[in-house]
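Working notes for the structure below.
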C-alpha cells in the first residue's frame with residue numbers, strides 16, 4: 001500500500017496517513033506503533049519531527065511518491081538521458097528499491113532516508 005506523507009501541522013514535521021512502526025525506540029514508555037493521539041497534535045501519524053529546514057521536510061515527505069515513480073520508470077523511447085537511465089537501471093538491478101527501501105523491518109523514516117541516499121548516490 002502506498003503511503004501518503006505530507007508536512008504536518010508544523011513545518012518541521014512529516015506525517016503519514018497510515019500508522020508507523022516504531023523500530024528505534026520501541027521499548028516502554030514508547031509505543032510500538034503510532035497512536036491515534038498523534039493525528040490531532042501532528043496532523044497525522046508521525047514519520048519524523050524536528051526537521052531543521054522546511055525544504056528538507058518537503059523532500060522527506062516526497063519519498064514514498066519518488067519510490068513509486070522510480071519503480072515504474074521505463075525508457076523504451078530513450079527520452080531519459082543515458083547517465084540517469086544507467087543509474088536507475090543500476091538501482092533496480094541491485095534491488096535496492098525492493099530490498100533496502102521496502103524492507104518490512106525498517107520504519108518509514110529509515111526507508112525514506114535510504115531512498116534519498118540512493119537517489120543522491122551516497
Checklist entry - Has region 16-24 got any residue that is within 21 Å of residue 69 (Cβ to Cβ), modelled with pLDDT under 95 and surrounded by 17 or more Cβ atoms within 10 Å (Cβ to Cβ)? => result yes
Next on the checklist: Can you tell me which condition residue 9 does not meet? The list is (1) in a loop (DSSP other than H, G, I, E, B); (2) modelled with pLDDT of 90 or more; (3) within 16 Å of the chain's Cα centre (by Cα), and all the others hold.
Outcome noted: (3)
Checklist outcome for this item: Those residues of region 37-49 which are surrounded by fewer than 21 Cβ atoms within 10 Å (Cβ to Cβ) and at pLDDT 90 or above amount to 39, 40, 41, 42, 43
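The values are calculated or read from the model by the stated rules, or taken from the named source; none is laboratory data. Everything numeric in this text was worked out from a predicted model, so none of it was measured. When we count neighbours, we look across all protein chains shown, and the Cβ atoms used for this are built from the backbone with ideal geometry, even at glycine.
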